[in-house]
Amino acid sequence: MARRSALLAKQVISVTSARSLGFVSQLWIDTASWAVALVEVKPSLLSGEAEKFLFEDIYQVGDVVLVANESVIDNEHKLVGLHSLVGYNVVTSRRRNVGKVRGFTFDISSGAMESLELDSFGLSIVPSSLVSTYCLFVEDVLDIVSDTVVVHEDAVSRVQRLTQGILGTQNIHGPGGEIDEYGRFGGRGRRRRANGQGKSGGRELRSEPKHPDDEWELPMDY
């Protein structure tokens, strides 16, 4: 499986002419089939007019992306029904916020999607050493609504941690989209429990009753 980030910024070369067609700037996903459909290229990494070709026209991927010839570029390709996914919110069917999409993994041969890569910000440029990242398999996705990915309610129990960043799960939201201000340090409920582990007059203090929001945390086996 390949990651989206492994293909971005790679130079695209025509095998026939050895001419550069530009650099990969975006991958567009057909969420009806959950496969990479289009590859977007620009003449430079920073600017330029975007052009597109079909993912199936890729001949080989290595240090560069090889295509058969320059005729694969076809700007008549429409983006209707296609999604870039990066930056999209991920919520459960009951609107519980799971995180944001920062990338995805897919089969480099067929383009078939395997999983979404999530974090708290939805910015692929933020290194995984700074922010914790997680993966969620596309089988758990119910629908794409505007810029939101809706997943099964119990999908959060199947989320897997990929990396542990120094920012932890900051900005991961609780029920109804409420921000957990203590998410960076492992959750509001955990902070309260820590504060309640003292003694007064030789008796252990009772912990405060849990707020309903405290029940929402990412799986603790991360």
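Is it the case that some residue within the stretch 115-126 is of a type outside the set (Gly, Ala, Ser) and farther than 18 Å from Leu8 by Cβ? Checking the stretch 115-126: not a single residue is of a type outside the set (Gly, Ala, Ser) and farther than 18 Å from Leu8 by Cβ. Figure legend. Inter-residue proximity from the stretch 71-87: first residues closer than 24 Å to Gly103 by Cβ, second residues assigned to a loop (DSSP other than H, G, I, E, B), beta-carbon distance below 6 Å, spacing 6+ or different chains. Indicated pairs: His83/Thr31; Val86/Ser124; Gly87/Gly122.
Inside the stretch 1-22, residues that are among the aliphatic types (A, V, I, L, M) and part of a loop (DSSP other than H, G, I, E, B) make up a count of 5.
Among the residues that make up the stretch 12-34, is at least one of them among the hydroxyl-bearing types (Ser, Thr, Tyr), over 21 Å from Ala112 (Cα atoms) and crowded, with 16+ Cβ neighbours inside 10 Å? There is at least one residue in the stretch 12-34 that is among the hydroxyl-bearing types (Ser, Thr, Tyr), over 21 Å from Ala112 (Cα atoms) and crowded, with 16+ Cβ neighbours inside 10 Å. For the residues Asn89, Asn75, the requirement of being more than 17 Å from Thr16 (Cβ to Cβ), of a type in the set (S, T, N, Q) and crowded, with 16+ Cβ neighbours inside 10 Å singles out Asn89.
Values quoted throughout were computed directly from the atomic coordinates according to the rules given, and no laboratory measurement underlies them. All values reported here derive from a predicted model rather than from experimental measurement. Glycine gets a Cβ as well: all are built from the backbone with ideal geometry, and neighbour counts include every protein chain shown.
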